[in-house]
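So the structure is just underneath, and the comments pick up after that.
Nothing in this text is a laboratory measurement; each read-out follows from the coordinates by a stated rule. Given the structure is predicted, the values throughout are model-derived calculations rather than measurements. A quick note on method: Cβ atoms are made from the backbone with ideal geometry, for glycine too, and the neighbour counts reach across all protein chains shown.
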Amino acid sequence: MAERITTEDVTKVANLARLALTPDELETFTGQLAEILEHADDIAALDLAGVEPMARPLPLVNVFRADEPGTPLDRDEVLACAPVSEDGQFRVPPVLGEAP
Amino acid sequence: MSFADALSIAASVRAGDRTATEVLEEHLGRIAERETEIHAFNLVTEQDARATAAAVDAAVAAGNDPGPLAGVPVAIKDNLCTRGVPTTCSSKILEGWRPPYDATVVQRLAAAGAVAVGKTNLDEFAMGSSTENSAFGPTRNPHDTSRVPGGSSGGSAAAVAAGFAPISLGSDTGGSIRQPAALCGVVGVKPTYGLVSRLGLVAFGSSLDQVGPFAHTVADAALVCEVVGGHDAGDSTSIPGDFPAVTEHLSDGVSGLRVGIVTEMMGEGIAPDVAARVRAAAAALAAAGATVEEVSVPAVTFGLSAYYLVAPAEASSNLSRYDGVRFGNRIEAATTGEMMTATRTAGFGDEVKRRIMLGTFVLSAGYFDAFYGTAQKVRTLMRQDFDAAYEQFDVLISPTSPTTAFAIGDKTADPMTMYLNDICTIPTNLAGHAAMSVPFGTGDDGLPVGVQVLAPALGEIPMFRAAAVLEAAALAEGGAK
């Protein structure tokens, strides 16, 4: 049985997931996530020793295709989907250092 | 409500008895009449549809065959990419995005002569069971507009039920085709994982997601499966070969077919009137020559817990791509990190945020084994218990949804209450198997009940045989309760 998820845990995962929460949202989401995770107590109580995990329905196999040139998506069309682009590239605000 | 099916529309268009344009205008007329009330669509693409219908008519006039879905209007769930046409996933975060390519299933429908009429509403990023989690407002059930249509593919189910299009496409990660099909009184199919291409389906839970059809009839659903299914080199999880030849076996009957009623899906949490319809379906199959018995599949009771760890885990990873850089909306900020947080915070609704955080939590260091690892082992149990059942039975049956359509607003306050809608549908996705919902009369409230037919991986032929017999039995019953 796992310990109940706390507001500190939720603050941490929200930060990892790049979501900002108001204090009210933090309380509400923490309670809801706790309820969902508590539902999983039923499977936490199972004896699963020796059971292999299943990550996907089909066995993982290498998929090869013929090495033939095709027509990729048009660069300008793809860049046109972006909020901001410049000189054939996606443009973002500064990543490193202080904001200008 | 009775509307023309896709097969008869295509036959009349191919024969030159009706034009695709006439057919389209009839459907656009019904949309104009009731769409304000139903809100099945995020976008109706009238102009494109008229051009497509005109092209179908030109092909027929020139003596060419436009294909098996000639002139058939089709509605497309708005999480399937359509080139140059907005694809929103009913989320603000994809505002303004026009995909640069068509999903494989969309291409295949067009190649078969179908006429796309619009993009249908869904729970944001397909997360929900009522189509109330849409940034553009809820869809209403055509049978009773105070009720939900189910979800997440509620718009696609409602579009067929309201006669806006005879067929539509949805996606099913935990029941998102079958449950709305049941609640709206139409046929809905979740094919075996890997039988229908996911290229161009906006990813939610990549090991669970599968595209499938809604239709008025089992035969229409079978045809759409064969048209959109089959191998696609663009999807690395695509199974080689064609979709099983289901249309050839619709008249085979169920004589000698072994049918199991899933014990665990008939008791607690299932409304008595819904369970009674499943018993009536079992009796109909037995009367048609099937052997019917109860069978226990113990692991299905753990499906909900496993699903609400696996699906959010995969979603949290898949939805990390919405960061304001490559597509959709951006909220500007001083740094890239702040821009991403501002964009995601403003762009996602509460249910999506809840699942992203849940998924991030269960995948985080210290919790991975306890939650995600355990859930993956339960998937193995699910597969093993189903395998054991399918040694004795060709197909299984159960309710699709525990209840008929519930009232709008009834289950939005508590996420767990909403999740319980999916207890009968989730196990199939976890196992990667096939299942479909067939309308089978109504509940005590007069609203549609769906019976679920479950089959092992690639068991589509016996599944459709059973479905065809149930459809005929329901028709013979003449809507008796």
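Which percent, nearest 5, of DSSP beta bridges in the protein assembly as shown are antiparallel?
Antiparallel: roughly 65 percent of the beta bridges in the protein assembly as shown.
For region B:439-444, what does the Karplus curve 6.51 cos²θ - 1.76 cosθ + 1.60, with θ = phi - 60°, yield as ³J(HN,Hα) per residue in whole Hz, taken in order and with x for Gly and Pro?
These are the phi-based 3J(HN,Hα) values: x, 9, x, 10, x, 4 Hz.
So what's the back-of-envelope 222 nm ellipticity for chain B, counting only DSSP H runs of four-plus at -39500 (n - 2.57) apiece and dividing by all residues, rounded to 500? Don't jump to the answer; show the numbers that get you there.
Working: 15 runs with 183 residues, N = 481.
Calculated from helices alone, the mean residue ellipticity at 222 nm is -12000 deg cm²/dmol.
Collect residues whose amide H, placed 1.01 Å from N in the peptide plane, falls under 5 Å from the amide H of B:I397; neighbours closer than 5 in sequence don't count.
B:G260, B:I261, B:V262, B:L454
Scan chain B and note any complete DSSP helix (H) whose C-alpha atoms cover at least 27 Å along its axis and whose Kyte-Doolittle average is -1.0 or more.
Helix filter hits for chain B: B:374-392.
Give me Rg/Rg_expected for chain A, where Rg uses Cα atoms only and Rg_expected = 2.2 N^0.38 Å with N residues.
Working: Rg = 22.8 Å, N = 100, 2.2 N^0.38 = 12.7 Å.
Dividing the Cα radius of gyration by 2.2 N^0.38 Å gives 1.80.
Taking the highest mean first, how do the peptides B:121-131, B:153-163, B:434-444 order by number of other beta carbon atoms within 10 angstrom per residue?
The peptides rank, most packed first, as B:153-163, B:121-131, B:434-444.
Scale the Cα Rg of chain B by the rule-of-thumb value 2.2 N^0.38 Å and send over the ratio, two decimals.
Rounded to two decimals, the normalised Rg is 0.92.
For region B:19-144, divide the Cα radius of gyration by the Kirkwood radius and give the resulting Rg/Rh value with two decimals.
Checking Rg against Rh, the ratio lands at 1.00.
Near the amide H of B:F41, under 5 Å away, which other amide H atoms are found, from residues 5 or more places off or on another chain, if H is placed in the peptide plane?
Residues meeting the criterion, in which the H sits 1.01 Å from N, are B:N121.
Which percentage, to the nearest 5, of the DSSP beta bridges contained in chain B is antiparallel?
For chain B, the DSSP antiparallel bridge percentage is about 65.
If you build the Cα gyration tensor of region B:123-210 and take the root of 5 times each eigenvalue, what three semi-axes come out, in whole angstrom, biggest first?
Semi-axes, largest first: 21, 14, 10 Å.
Which ³J(HN,Hα) values, rounded to whole Hz and listed in residue order, are derived for region A:30-46 from phi using the Karplus coefficients 6.51, -1.76 and 1.60 in 6.51 cos²θ - 1.76 cosθ + 1.60 with θ = phi - 60°, glycine and proline given as x?
4, x, 5, 5, 4, 5, 5, 5, 5, 4, 6, 4, 5, 7, 5, 7, 6
Go through A:T22, A:I36, A:V84 and say which Cα lies farthest out towards the positive end of the charge dipole of chain A; charges sit on Cβ, +1 for Lys and Arg, -1 for Asp and Glu.
Looking along the dipole axis, the top candidate is A:V84.
Which pairs break 26 Å Cα to Cα here: B:K190/B:K377; B:K77/B:K190; B:K119/B:K377; A:K12/B:K77; B:K377/B:K411; A:K12/B:K190?
Going by Cα-Cα distance, B:K119/B:K377; A:K12/B:K77; B:K377/B:K411; A:K12/B:K190 fall outside the 26 Å limit.
Could you calculate the FRET efficiency of B:E26 with A:F64 from 1/(1 + (r/R0)^6), where r is the beta carbon distance between them and R0 is 45 Å, rounded to 0.05?
Once rounded, the FRET efficiency stands at 0.40.
Just need the Rg to Rh number for region B:232-371, please, alpha carbons only, Kirkwood Rh.
Looking at region B:232-371, the ratio lands at 1.15.
Could you give me the percent of Cα pairs per 10 Å distance bin for region B:57-117, shortest bin first, beginning at zero and ending with the bin that holds the maximum distance?
That works out to 23, 43, 24, 9, 1, in percent per bin.
How big, on average over all directions, is the shadow cast by the Cα convex hull of the protein assembly as shown, in nm²?
Numbers: hull surface 107.9 nm².
With every direction weighted equally, the projected area is 27.0 nm².
So what are the ³J(HN,Hα) numbers for region B:169-174, from phi and the Karplus equation (6.51, -1.76, 1.60; θ = phi - 60°), rounded to whole Hz, Gly and Pro as x?
My calculation for region B:169-174 gives 10, x, 10, 9, 9, x Hz in order.
Under 4 °C and 1.567 mPa s, how fast does region B:164-309 diffuse according to Stokes-Einstein, given a Kirkwood radius computed over C-alpha pairs? Answer in µm²/s, whole number.
Reported coefficient: 76 µm²/s.
What is the spread of the Cα atoms of region B:385-481 along each of their three principal axes, largest first, in whole Å?
The Cα atoms of region B:385-481 stretch 41, 35, 16 Å along the principal axes, largest first.
Taking amide H atoms as placed 1.01 Å from N in the peptide plane, list the residues 5 or more away in sequence, or in a different chain, whose amide H sits under 5 Å from that of B:G441.
Result for B:G441 returns B:V449.
What residues of region B:77-121 lie in the reach of a label at A:T71, counting those whose backbone N is under 19 Å from a point 7 Å from the Cα along Cα→Cβ?
B:82-85, B:99-112
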